[in-house]
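Written out below as C-alpha cells is the structure these notes cover.
Nothing in this text is a laboratory measurement; each read-out follows from the coordinates by a stated rule. Predicted model, so just to flag it, every value in this text is computed and none were measured. Please note: Cβ atoms are built from the backbone with ideal geometry, for glycine as well, and neighbour counts cover all protein chains shown.
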Amino acid sequence: MSYIDIRNIYKIFGPNPQKALTLAQKGENKNDILTQTGHTVGLSNVSLSIEQGETFVVMGLSGSGKSTLIRHLNRLIDPTAGEILFGGENILNMTTARLNAFRRAKLGMVFQRFGLLPHCTVLDNVAYGLKIQKTDRQKRQDAARKWIERVGLAGYEDSFPDELSGGMQQRVGLARALTTNPEVLLMDEAFSALDPLIRSDMQDELMKLQSELHKTIVFITHDLDEALKLGDRIAILKDGAMIQVGRPEEIVMKPADDYVRAFTRDINRSRVLRAKTLMMPIDDNTQQAGSGDWPEIAADMRLEDILPIAIACPAGINVVNHKQQRIGTLSKDQVIAALAA
Amino acid sequence: MFPDKLNIPLGKSVNALVDWLVVNYGDAFEAFADALLTVLVWLEHLLRAAPWWLVIAIIAAIAYHASRSWKTTLGLALAMVAIGTLGLWDKAMQTLALMIIATGLSVIIGIPVGIGMAMSNKLRAVMIPLLDMMQTMPSFVYLIPALMLFGLGKVPAIIATVIYASPPVIRLTDLGIRLVDKEVLEASRSFGASRGQILWGVQLPLALPNIMAGINQTTMMSISMVVIASMIGARGLGEQVLTGIQRLDVGQGVEAGIAIVLLAVVFDRIGQSYGKKSRHSAKAGDGA
Ligand SMILES: Nc1ncnc2c1ncn2[C@@H]1O[C@H](COP(=O)(O)OP(=O)(O)O)[C@@H](O)[C@H]1O
Ligand SMILES: [Mg+2]
C-alpha cells in the first residue's frame, strides 16, 4: 500500500449529482453529461498512488480538474464517490475535529494566488498554521522567523503582503506551509502566476528544499517543462479523467494519446531523456561490455550532457550505475537518433 | 371591482396575533421593556447631568481617535457648541441617548444576524424579503403594534428605530463576509482552522470595512427616526420639531431641525473616519 491512495474518485458539481454520477460511471464523457444533466464532471474515476518522499506532479489544461483533485487530498472538496487513504486511513470517514487535527499535523498547502491574510504581517502569516494549533506566541514566531530566513525574506517580517512582489508573496506562502513541518506539501499551480525568471528561481528553490526535507509533494501545473523539471512522476488529467501516469521519460517517450503528445511536442527532449532510457542494455549472457577505452557516464545523465561526449568519442560510451558497474552502452548514432525522434 | 369573496382577512389575523401576544407574553414584553428603559434612563441621566464641556471633550477625543485630524476634530466640536448655542443642549442629550441605545441594539442584533445570513443560504432567503419589508414599510405600521405591546414612551420608540435602522448593518455584515477572498478562506481551512478561528481570524477582520459602513448607515438612519419616534412619546429634538409644527412655530422647527442635522454630521464624520481606518487595516493595517 502506498502512502496516499486515491481510489476511483468521482466528483460531480451540482445539486443532484446522482444521475450524472451513474452516467460518469458508465463512462460517458464530460460534455455529454453536462448537456444531459446540467452537471459538471470535475473528476471521473481517478485512481492514484503517491509514495512517501516523492514529488508527484499533476498536469493538464485549464479546467481539466487539477485543482479539484488536489483539494480532495485535504478535503477542501469531498468526492461524490470513491475513497482517499492516507497511510491506510480513509480520510472521508474523519469527523470534523479529526479532519482538522489531521490537516494541522500532516498537511501544508500553497495556492496559485498565494491566499495570504492581507491584514496580517509576513511574520503573522508565516506563523498562522502554528497559531491555529494554539502554539504559544514566542514559539510560533521563532519558528516563523526561521522559515522566513530560509526562503530569503529576512528583514520583511513586518511588511504586509500587498507591499511585496508576487515572487516574494509566494515565498511567504511556501514558508507558511513549511512552518508547521507537514509531511505533505500540496501546491496548486504555486508558481503559475509568477514571471518566467522568478518562476524558474522558485522551482530551483523548491528542489533545493526538497533535497533536504524529503517531503511528499503534490504539485499541480499546466506547464510540462515545470512538470518535467520537478516531478519524480507525472499524472496527466483531461476532462477530469486520468490519461497517463509515469516517470518524465515515459511521458515524453511514450505519450499515451494525442492529448499528451500535444503537450510533449514542443518539449526539449534532450533535457528529459537520460542515459538509462536510451542505452543498449548489456546482455547478462553475452557480456559484450563495450570497450575499456570508452568513457563512462552515469545512468541518470541527461541527453543534453551526453551529446558533447558522444561527439568527442564517436566509437561508444559506457553507461554505469551508482555502483560503477557497466549496465549498458551508447553510440553516437543512437544519441543522434534519440535527438531526432 | 375585485370580488369581495376573494378578500383574505389578513388584517384580522394580525390583530389576533398582536392580541394573543399581549395576553400571553405581556409580562415578558414588560420585563424586556423595563430592562431597556433602565439602561436608557441611566444613559440619558448621565448625558444630561454631565457638564457640557466634558461631553464635547469626549466627542472631540473620539473624533480625533477616528480621524487623526485636528481640523475634523475642531469642526465637530464646534458643531456640538452650535447645538448648545441654539439652546437645545438638553434636548440633544436626550436624543443622543436614544440614538446610542437604538444604534447599539441594532448592531448587537444586526452583526450576528448578518453572520448567520452569510453562513446559511436558507436564513438568507428568509431574511432578504424581511429586510426589504423593514425598510419599505411605513414606520407607522409597526409603531402601532409596538405601542400595543410596550405602551406609549421611549421603549416603542427604540423598537421602531431598531426595526427601521438595523437592515444596513445586517446586509453589509452579510455582504462583507461573503466577499472575503475564497482562496484566503481555503488557506485558512487547509491549515485546520475551526469555524470559530475562521470567523474571528479571517472573515470578520476582512469584512470589517463593510461592517463599519453598515454601522455608519444604521447610525444615520436612527437619527433620521427621531422625529417619528417623538410622536410616540420619545423626548428630545424630535419633540421640538413636532411641537414647532403643531404650534406653527416655524422658527422653533428650523432650530431643532438644524440641531438634528449637526448631530447627524458629527456622527457621520466619526463613522466614516473609522470606516476609512478599518479599510486601511483590512488591507495593510495593524495586524491581528
Ligand atoms: N465549485 C464548482 N462548481 C461547479 N463547477 C466547478 C466548481 N469547481 C470546479 N468546477 C468545474 O470543474 C472542472 C475542473 O475545474 P478545476 O479543478 O478548477 O480545473 P483546473 O484546476 O484543472 O483548471 C471545470 O470544468 C470547472 O468549471
Ligand atoms: Mg486550477
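Ordering B:Gly271, B:His45, B:Met148 by Cα displacement along the dipole of region B:17-284 toward the positive end leaves B:Gly271 in first place; charges were set at the Cβ atoms of Lys, Arg (+1) and Asp, Glu (-1). Per residue, chain A reaches -11500 deg cm²/dmol at 222 nm when only DSSP H runs of four or more residues are counted, each adding -39500 (n - 2.57).
The alpha-carbon of A:Lys208 sits under 20 angstrom from the alpha-carbons of these lysines, leaving out residues fewer than 8 places away in its chain: A:Lys146, A:Lys229.
The trypsin sites (Lys or Arg not before Pro) of region A:127-177 that DSSP puts in a loop, and whose beta carbon has at most 13 other beta carbons within 10 Å, are A:Lys134.
FRET efficiency for the pair A:Thr95 and A:Arg261, taken as 1/(1 + (r/R0)^6) with r the Cβ-Cβ distance and R0 = 51 Å, rounds to 0.65. For the residues of A:117-129, the average number of beta carbons from a partner chain within 10 Å of their own beta carbon is 5. Taking every full run of DSSP H in chain B, the ones that stretch at least 24 Å from end to end by Cα along their long axis and average 0.5 or higher on the Kyte-Doolittle scale are B:10-49, B:89-119, B:204-224. Between A:Asp142 and B:His65, the modelled label-to-label distance comes to 3.7 nm, taking each label 7 Å out from Cα in the direction of the beta carbon. Between the alpha-carbon centres of region B:20-38 and region A:36-53 there is a gap of 58 Å.
For A:Ile282, nonlocal amide neighbours, meaning residues 5 or more places apart or on other chains whose placed amide H falls under 5 Å from its own, are A:Gly328, A:Thr329. Rounded, prolate or oblate: which fits chain A when a ≥ b ≥ c are the square roots of the eigenvalues of the alpha-carbon gyration tensor, with rounded for a/c under 1.5 and prolate only if a/b beats b/c? Oblate shape, in that a/c is at least 1.5 and b/c is the bigger or equal ratio. The ranking of A:Thr55, B:Thr218 from fewest to most other beta carbons within 10 Å of each one's beta carbon is A:Thr55, B:Thr218. Only lysine pairs 8 or more places apart or on separate chains count here, and in chain B those with Cα atoms under 25 Å apart total 7. As a ratio to 2.2 N^0.38 Å, the alpha-carbon radius of gyration computed for the protein assembly as shown takes the value 1.36. So if we plug the beta-carbon distance of A:Phe13 and B:Leu130 into 1/(1 + (r/R0)^6) with R0 = 22 Å, what FRET efficiency do we get, rounded to 0.05? Rounded to the nearest 0.05, the efficiency is 0.10. With a ≥ b ≥ c the root eigenvalues of the C-alpha gyration tensor of region A:275-340, is it rounded (a/c under 1.5), prolate (a/b larger than b/c) or oblate? It is prolate, given that a/c is not under 1.5 and a/b is the larger ratio. Partner shielding of B:178-187 amounts to 5, given as the average count of beta-carbon atoms from other chains within 10 Å of each residue beta-carbon. Rounded if a/c is under 1.5, else prolate if a/b is larger than b/c, else oblate: which is chain B, with a ≥ b ≥ c the root eigenvalues of its Cα gyration tensor? Oblate, since a/c reaches 1.5 and b/c is not below a/b. Using R₀ = 51 Å, calculate the FRET efficiency as 1/(1 + (r/R₀)^6) where r is the Cβ-Cβ separation of A:Glu183 and B:Phe2; round to 0.05. The computed FRET efficiency comes out at 0.10. For A:Arg75, what charge total do you get from the other residues with a beta carbon under 10 Å from its beta carbon, if Lys and Arg give +1 and Asp and Glu give -1? Overall, the nearby charge balance is +2.
Among beta bridges identified by DSSP and lying wholly in chain A, the antiparallel ones come to about 55 percent.
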